[in-house]
Amino acid sequence: MAGRNGGEDQQAPSGTVAAPDGDGDYRVVIADECFDWRELTDSGLQDALNALAQALQPFADGRSAAFMEPAYDVECRPSVTLMDALYSPDGGLPRDKRARLQQLVSKCRCVKPGEADLPQPVRVPDGEWREPSWGAAHALARAAEGRAMSCLVGSHAKEPDWPSGWITVTRTTEAGQDEVTVHVLRLADDIPVFWRRLLTHESVPAERFFTFTGQAFPRLLFADSLRLHHFKGDYPEVLPWLVKLLGALDDHFTRTLAECGGDQTQVVRRFAAQGLDISPESANTKKNAKAWEQRNVEYNSGTYRCEWHGKRLWDRDRVHFSLPIAAYGDRILIGVFAEHLPT
């Protein structure tokens, strides 16, 4: 049986799965600065190329990422343009890295700049006004239309000096100034945060929610029996809490269990500090054979007990989940969405 993440889910798919967006349009724009390696040492160049490939790989499916046509003229190495670096053996890139980058770039759209893409001064909070590259300007222009967009800046770029994650950028426009929210992608580890925010930023419909979970929560497994209408709250009401809870479980639950030595009280307190109410099932629930059985969930021909739960409100809306499962690389099974299971 295939899992919610697609396939048999025998190994974590992080960094290897094509982007899930089904509308046929791109979400990531590669900033021209990604291709500027002029000041890097040989080892620094290797690191930058590896990081760029890892960040770009999940989006290199022919439709999910783009770069601007002027990037071909970016000086990558001294007196070497991106065009030469990609397609000339004398372009200064190691042969294997050049082949991999050439393949990835070939799967991205090459976009000609339009009027809206003309680079105008921008700044982040507490930053200085700077002129962005064509790629960054294009990502901001698309984000200004309300679309969740990620700008791939790369691990080594000093400019723009934008931090990873979601940021607010103030732009100069013909009408004056505006503020645009955009995601900054430097390393592959930044990718899940993009898809999580997209779910709420665009209010992704319930019927498409599970198409994003593999990328937004790569360390979680999702039972096929999950249904969003099993919550008492309406989907738009539940969605922000659900994304926050799943993100925290993905990022912290397994590690927190280990750091706390299995001390459940400490785990509960750490999640409470994030504004999340999670807990293991009570002793009374464990004594109730019928109730305890409802925490058993089928997944890929196996049965796993979802003995922890997160609650949105004290009396309604529960997400029941397992302890880390060794057979799946210590990933956590999200097994039950419910208004309130019997105790």
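Assorted remarks:
- Qualifying residues in region 326-338 (those that are outside any strand (DSSP E or B) and closer than 20 Å to Asp224 by Cβ) - the one farthest from the chain's Cα centre (by Cα): Ala327
- Residue list for region 156-170, filter: buried (at least 19 other Cβ atoms within 10 Å of the Cβ) and either among the small types (Gly, Ala, Ser) or modelled with pLDDT under 95 (or both): His156, Ala157, Pro160, Trp162
- Arg63 vs. criteria without any contact (Cβ under 8 Å) to a residue 60 or more places away in the chain, open to solvent by 20 Å² or more (accessible area, probe 1.4 Å), in contact with a strand residue (DSSP E or B) (Cβ under 7 Å, 6 or more places away or on another chain) and assigned to a loop (DSSP other than H, G, I, E, B): no
- Scanning region 229-265 for residues that are open to solvent by less than 20 Å² (accessible area, probe 1.4 Å), touching a residue at least 24 places away in the same chain (Cβ under 8 Å) and in a helix (DSSP H, G or I) gives Val238, Leu239, Leu242, Val243, Leu245, Leu246, Gly247, Ala248, Leu249, Asp250, Phe253.
- Selection over region 165-210 of residues that are under 17 Å from Ala55 (Cβ atoms) and assigned to a loop (DSSP other than H, G, I, E, B) gives a count of 2.
Residue-by-condition table, conditions (1) within 20 Å of the chain's Cα centre (by Cα); (2) at pLDDT below 95:
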{"residue": "Ala2", "(1), (2)": "no, yes"}
{"residue": "Glu8", "(1), (2)": "no, yes"}
{"residue": "Thr16", "(1), (2)": "yes, yes"}
{"residue": "Gln54", "(1), (2)": "yes, no"}
{"residue": "Gly62", "(1), (2)": "yes, yes"}
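- Failed criterion for Leu45 (all others in (1) part of a helix (DSSP H, G or I); (2) open to solvent by 10 Å² or more (accessible area, probe 1.4 Å) hold): (2)
- For region 89-107, the candidate set comprises residues that are open to solvent by less than 80 Å² (accessible area, probe 1.4 Å) and in contact with a Lys or Arg (Cβ under 9 Å, 6 or more places away or on another chain); within that set, the residue that is modelled with the highest pLDDT is Leu93.
The values are calculated or read from the model by the stated rules, or taken from the named source; none is laboratory data. Computed from a prediction, not measured in an experiment: that's the story for all the values here. Cβ: placed from backbone, ideal geometry, glycine included. Neighbour counts: every protein chain shown. Please note that ligands, DNA and RNA were not included when accessible areas were found on the heavy atoms of the full protein model with its side chains. Shrake-Rupley method; radii C 1.70, N 1.55, O 1.52, S 1.80 Å.
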